[in-house]
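See below for the structure under consideration.
The values are calculated or read from the model by the stated rules, or taken from the named source; none is laboratory data. Only a predicted model underlies this, so the values are computations on that prediction, with no experimental measurement involved. Here the Cβ positions follow ideal geometry from the backbone for every residue, glycine too, while neighbour counts run over all protein chains shown. Just so you know, the surface numbers come from the protein's heavy atoms only, side chains and all, with ligands and any DNA or RNA stripped out. Shrake-Rupley method; radii C 1.70, N 1.55, O 1.52, S 1.80 Å.
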Amino acid sequence: MARGSRSVSSSSKWRYCNPGYYLKRPKRLALLFIVFVSVSFVVWDRQTLVSEHQVEISELRKEMSDLQNLLEELNNMHGGTVRKDDSKGTTSKSTKEVLNDPIDIERREKVKEAMLHAWSSYEKYAWGQDELMPQSKSGVNSFGGLGATLIDSLDTLYIMGLDEQFQKAREWVANSLDFNKDYDASVFETTIRVVGGLLSTYDLSGDKIFLDKARDIADRLLPAWNTPSGIPYNIINLSHGRAHNPGWTGGSSILADSGTEQLEFIALSQRTGDPKYQQKVENVITVLNKTFPDDGLLPIYINPHSGTTSYSSITFGAMGDSFYEYLLKVWVQGNKTSAVKLYRDMWEKSMKGLLSLVRKSTPSSFTYICEKNGGSLSDKMDELACFAPGMIALGSSGYGPEDSQKFMSLAEELAWTCYNFYQSTPTKLAGENYFFHSGQDMSVGTSWNILRPETVESLFYLWRLTGNKTYQEWGWNIFQAFEKNSRIESGYVGLKDVNSGIKDDMMQSFFLAETLKYLYLLFAPTSVIPLDEWVFNTEAHPLRIVTRDGGKPVKNSNEKQKPPRIGGRKEGRSG
């Protein structure tokens, strides 16, 4: 295409329509030929309409700039809409979005660069270990040496199109990942990070090594469900299979720990055709449903022998949160059929209970979710509970019009509160929890920030479901606060205090698995991991939606679908 004031001649047009022109340039994808021709014809036809004479220099340069952006986007980013493994070479509808949103492209690239910085630091200083301590420039095996950060990052690398990094990580999984550890593992953490991470990567890539590894670790976790009630113990030795509960719970199982394996184990049964995984985790829901209260709110402690709840607090924060999340998401995972209607019914009861916990602060009228202890409410909200706006928004469409709007409005109000958890501190990063006092609005309680994703997660859902770009702006502000306060030469760290900005020495694996992934998707076309085809586990690992028929597992479901055309915790825990 000509530059300057020269018009596009017929010979020039056909030069760019010649496939050989692209074959001589190996970096050009076949798709670029199609897009290039389309845009070239648009430019040529436009010039024809002005009597095939000279076009304004500024107009022609704009066309060139737009086209160049598109070529670079498609060529360099698999995190958009096209991957090399797309055998049909089909483009998605997001081409127009890419052209029209240069700010999104720029921001997406900034998040991708942040992921590269985090990953390269992990690769350099903690390769194969669970987590990186950036200031110490060393690794720590906080999850028994299962390579938690590496496995947690697999699908993020894949979605962002970081192929070289992904392939190196894949080789480590194939050749070095060993689950035969004499280590007492958290069933919850191992499920959401390791089982979920491996299954998601299998669903994305179609590479069976990830399914085989997911099955290996799941088999080691299964004895935890061998209790009189079927409510699992929350700790298990990966080598010996001995299961128990932590001493500080008084022998009880934790609600979130026991009710946050359904997505992963149902998916595993679907992918392998072996029903045992699904049966174990669905029995938990059956047991809890027998005594499920009308308000759908369960205390955080459950007796694994009787299956009944113990007197303890009720919360959508630490130790309660993801149980409610999974009630909704198993319904989504099963494609909202009658086979999974029980989950939706239980979730709607829980939303009635949530409404009873909602209060507004004074004087600014921030909407927040209380915690409940016996008959009294505590005006405290964890940042962990900031997953709730996204969950509520996701579930709002299952209601009739009036209730749907009511719950979407609640989601938006809660998201505003969660965003202000960040905006209210000197560092613009949120503390771990907040208290609401009459006449004083919110005040930070526990003041650390460990790179948590929950607020960004909700902003992602609200952006996807409403199209309101305000949520992108809020997410970008949060990302910039992380860049300013948490980025150091050797990775990302949390803050010991969001008021002073004093740094800690840990890069949590969920920063790569969740926080950066949700930020990236916040600026990606909506066709990248579309919500009608994928459901995210509580560690942000996307799993394919598979229609449930009568509750029976679908044998080898992934074999019936091609890898996607992409390039495109919730518990009280430090992970």
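Which residues, counting only those in the range 420-429, are open to solvent by less than 60 Å² (accessible area, probe 1.4 Å) and farther than 15 Å from Ile369 by Cβ?
Start the filter on the range 420-429 by keeping residues that are open to solvent by less than 60 Å² (accessible area, probe 1.4 Å), which leaves 420-423, 425, 427, 429.
Matches in the range 420-429: Tyr422, Gln423, Thr425, Thr427, Leu429.
Any residue in the range 321-342 that is farther than 16 Å from Met442 by Cβ and part of a strand (DSSP E or B)?
Let us first name the residues in the range 321-342 that are farther than 16 Å from Met442 by Cβ, namely 321-342.
The next check asks that each one be part of a strand (DSSP E or B); those that pass are none.
No, the range 321-342 contains no residue that is farther than 16 Å from Met442 by Cβ and part of a strand (DSSP E or B).
So which residues in the range 110-168 are closer than 22 Å to Asp182 by Cβ and of a type in the set (D, E, K, R)? Even if it seems obvious, please write down each step before you answer.
So the first thing to find is which residues in the range 110-168 are closer than 22 Å to Asp182 by Cβ, and the list is 126, 128-131, 139-151.
The answer is Asp130, Glu131.
Pairs, please: C-beta under 7 Å, at least 6 apart or cross-chain, first residue over 11 Å from Leu495 (Cα atoms) and in the range 441-455, second open to solvent by less than 30 Å² (accessible area, probe 1.4 Å) and in a strand (DSSP E or B)?
Once the first residue is over 11 Å from Leu495 (Cα atoms) and sits in the range 441-455, its partners that are open to solvent by less than 30 Å² (accessible area, probe 1.4 Å) and in a strand (DSSP E or B) give Met442/Tyr434; Met442/Phe436; Ser443/Tyr434; Val444/Tyr434; Gly445/Asn433; Gly445/Tyr434; Thr446/Asn433.
Which of the numbered conditions does Gly467 fail, given that it passes all the others? Conditions: (1) open to solvent by 10 Å² or more (accessible area, probe 1.4 Å); (2) at negative phi.
(2)
When you check Leu414 against the structure, is it at pLDDT 95 or above and buried (at least 24 other Cβ atoms within 10 Å of the Cβ), yes or no?
On the way: at pLDDT 95 or above: yes; buried (at least 24 other Cβ atoms within 10 Å of the Cβ): yes.
Yes, satisfied.
Scan the range 255-295 residue by residue and report those that are more than 16 Å from Glu539 (Cα to Cα) and outside any helix (DSSP H, G or I).
Gly273, Asp274, Pro275, Thr291, Phe292, Pro293, Asp294, Asp295
It is to be established whether one or more residues within the range 383-396 are open to solvent by 40 Å² or more (accessible area, probe 1.4 Å) and of a type outside the set (Val, Ile, Thr). Don't jump to the end; show me each part of the working.
Initial filter on the range 383-396 (open to solvent by 40 Å² or more (accessible area, probe 1.4 Å)): none.
No: the range 383-396 contains no residue that is open to solvent by 40 Å² or more (accessible area, probe 1.4 Å) and of a type outside the set (Val, Ile, Thr).
Can you confirm whether Val82 is touching a Leu at 6+ places or on another chain (Cβ under 6 Å), over 20 Å from Leu198 (Cβ atoms), buried (at least 16 other Cβ atoms within 10 Å of the Cβ) and modelled with pLDDT of 95 or more? Please lay out each step first, then the result.
Details: touching a Leu at 6+ places or on another chain (Cβ under 6 Å): yes; over 20 Å from Leu198 (Cβ atoms): yes; buried (at least 16 other Cβ atoms within 10 Å of the Cβ): yes; modelled with pLDDT of 95 or more: no.
When the stated conditions are applied, Val82 does not pass them.
Enumerate the pairs (first residue in the range 531-543 and open to solvent by 10 Å² or more (accessible area, probe 1.4 Å); second residue anywhere and in a loop (DSSP other than H, G, I, E, B)) with beta-carbon separation below 6 Å, excluding pairs fewer than 6 apart on the same chain, so at least 6 apart or on different chains.
From residues that are open to solvent by 10 Å² or more (accessible area, probe 1.4 Å), the pairs are Glu533/Ile545.
One residue is enough: does the range 521-536 have a residue meeting the conditions assigned to a helix (DSSP H, G or I) and at pLDDT 95 or above? Full working, then the answer.
If we filter the range 521-536 for residues that are assigned to a helix (DSSP H, G or I), which is where we start, we get 521-522.
Still in the list and also at pLDDT 95 or above: 521-522.
Looking through the range 521-536, at least one residue is assigned to a helix (DSSP H, G or I) and at pLDDT 95 or above.
How many of the residues making up the range 310-323 are out of contact with any helix residue (DSSP H, G or I) (no Cβ under 8 Å at 6 or more places or on another chain) and of a type in the set (S, T, N, Q)?
Counting residues in the range 310-323 that are out of contact with any helix residue (DSSP H, G or I) (no Cβ under 8 Å at 6 or more places or on another chain) and of a type in the set (S, T, N, Q) gives 3.
Residue-by-condition table, conditions (1) in a strand (DSSP E or B); (2) out of contact with any helix residue (DSSP H, G or I) (no Cβ under 6 Å at 6 or more places or on another chain):
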{"position": "Tyr419", "(1), (2)": "no, no"}
{"position": "Gly431", "(1), (2)": "no, yes"}
{"position": "Phe436", "(1), (2)": "yes, yes"}
{"position": "Tyr461", "(1), (2)": "no, no"}
{"position": "Gly475", "(1), (2)": "no, no"}
{"position": "Ser500", "(1), (2)": "no, yes"}
{"position": "Phe511", "(1), (2)": "no, yes"}
{"position": "Leu516", "(1), (2)": "no, no"}
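Among Ser350, Ser356, which is open to solvent by 10 Å² or more (accessible area, probe 1.4 Å) and modelled with pLDDT of 95 or more?
Details: Ser350 fails: open to solvent by 10 Å² or more (accessible area, probe 1.4 Å).
That would be Ser356, the only listed residue that is open to solvent by 10 Å² or more (accessible area, probe 1.4 Å) and modelled with pLDDT of 95 or more.
Taking only the range 486-507 into account, find how many residues are of a type outside the set (A, V, I, L, M) and open to solvent by less than 20 Å² (accessible area, probe 1.4 Å). Give the derivation first.
Initially, the range 486-507 is screened for residues of a type outside the set (A, V, I, L, M), giving 486-487, 489-492, 494, 496-497, 499-501, 503-505.
Next, only the ones that are open to solvent by less than 20 Å² (accessible area, probe 1.4 Å) stay: 486, 490-492, 494, 501.
Total satisfying the criteria: 6.
Looking only at the range 368-388, count every residue that is outside any strand (DSSP E or B), modelled with pLDDT of 95 or more and under 14 Å from Leu357 (Cα atoms) and tell me the total. Working first, answer last.
Step one: list which residues in the range 368-388 are outside any strand (DSSP E or B), which gives 370, 374-375, 379, 383-388.
Among the residues that remain, those that are also modelled with pLDDT of 95 or more are: 370, 379, 383-388.
Checking which are under 14 Å from Leu357 (Cα atoms) leaves us with 370, 379, 385, 388.
Residues meeting the conditions: 4.
Could you grab the pairs with beta carbons closer than 6 Å, sequence gap of 6+ or different chains, first residue in the range 307-330 and open to solvent by 20 Å² or more (accessible area, probe 1.4 Å), second one part of a helix (DSSP H, G or I) and not small (Gly, Ala, Ser)?
Close Cβ pairs satisfying both conditions: Ala318/Leu384.
Take the residues in the range 185-231 that are of a type in the set (Lys, Arg) and over 19 Å from Ile529 (Cβ atoms), then tell me which one is most open to solvent (accessible area, probe 1.4 Å). Break it down into steps so the answer makes sense when it comes.
Keep residues of the range 185-231 that are of a type in the set (Lys, Arg), which gives 193, 208, 213, 215, 220.
Now restrict to residues that are over 19 Å from Ile529 (Cβ atoms): 208, 213, 215, 220.
Values: Lys208: 116, Lys213: 32, Arg215: 81, Arg220: 60 Å².
Filtering first and then ranking leaves Lys208.
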